[in-house]
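Here's the structure we're looking at; comments come further down.
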Amino acid sequence: MNNTNPLPLRLMKRELAIILLFAVLCVISGCGTLGSDFNVFSIEDDKALGRQVVAEMESDSSKMVLLDSVEHHQVYAYLYAVRDTLLNSGVVKHKNDFPWRIRVIHDDSTLNAFCAPGGYIYFYTGILKFLEAEDQLAGVLGHEMGHADLRHSTRQLTKMYGVQTLLSLVAGDRTLVKNITSAIIALSFSRNHEKEADDCSVDYLCPTRYNADAGAGFFSKISQKGGKNPPEILSTHPDPGNRIEAYRQKKQQLGCQGSMDNKGRYQLMLKMLP
């Protein structure tokens, strides 16, 4: 007998449960208050979607040129050491749930970084060369890890595309995965989500020896490149002035004492980039 259902029975049952849950939540909240915080997907779904999106992104080297992890092993070792410092801060909620894999995209013209669902982190060489010190790198990394740790991507995608679309993605719909990959790279989060990720950056750095508000240093520098042709990151990370102050206030509120920037070590790493 031919099966015309696009989803296996397990996902069909789950789909019905999710739709019923969504209906109940809408009745309770009127749907107006769900907003970008509504997420029906599990940690495993985040990881599955992340794996599919990453495979799609990295399948075409003409669109995304990654630094080879063997040839540039020293660069990756450096980045992973900074990552491990943040993971070992004791604050990252999903430290042991996500792979927290890092890749570097060889593109000096792009001042950006992003994190796909499930903790797959990407830095463009443009932003690495723009930053001046290790604590600034840690601040940006903490921000991107915060998006993944709070599962902002699947929350935002739920809002943008709806439950049915994401269920199809999790089920492995290749066409949908291909279409949504570019959306994830350029995903614009809500102001609330950006603030939450900024707070995570300070939270993760605070127990370390880094300047906990080093993310503010990045935004301070990036805001100086405004004017007629502002960098793309300013359109996806709005209000740098307010956010700089928020970083500093959060650091003061937590009583963070770290002051290390490791500027010299960071400059040595930059010399290893192509």
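Observations, loosely collected:
- Scanning the stretch 192-227 for residues that are part of a loop (DSSP other than H, G, I, E, B), at pLDDT 90 or above and not hydroxyl-bearing (S, T, Y) yields C206, P207, R209, N211, A212, D213.
- Looking at A116, A138, just one residue is surrounded by 16 or more Cβ atoms within 10 Å (Cβ to Cβ), modelled with pLDDT under 95, at negative phi and touching a helix residue (DSSP H, G or I) at 6+ places or on another chain (Cβ under 7 Å), and that residue is A116.
- When residues of the stretch 60-117 are limited to those that are of a type in the set (D, E, K, R), part of a loop (DSSP other than H, G, I, E, B) and touching a residue at least 24 places away in the same chain (Cβ under 8 Å), the one nearest to E144 (Cα to Cα): K93
- Tallying residues that are at pLDDT below 70 and either touching a Lys or Arg at 6+ places or on another chain (Cβ under 8 Å) or within 15 Å of S201 (Cα to Cα) (or both) within the stretch 235-260 yields 3.
- Number of positions in the stretch 180-198 that are within 15 Å of A113 (Cβ to Cβ) and not small (G, A, S): 6
- Counting only residues that are surrounded by 20 or more Cβ atoms within 10 Å (Cβ to Cβ) and under 12 Å from the mean Cα position of the chain (by Cα), the stretch 168-186 holds 1 of them.
The values are calculated or read from the model by the stated rules, or taken from the named source; none is laboratory data. Predicted model only: the values in this text are computed from it and were never measured. Cβ atoms come from the backbone with ideal geometry, glycine included; neighbour counts cover every protein chain shown.
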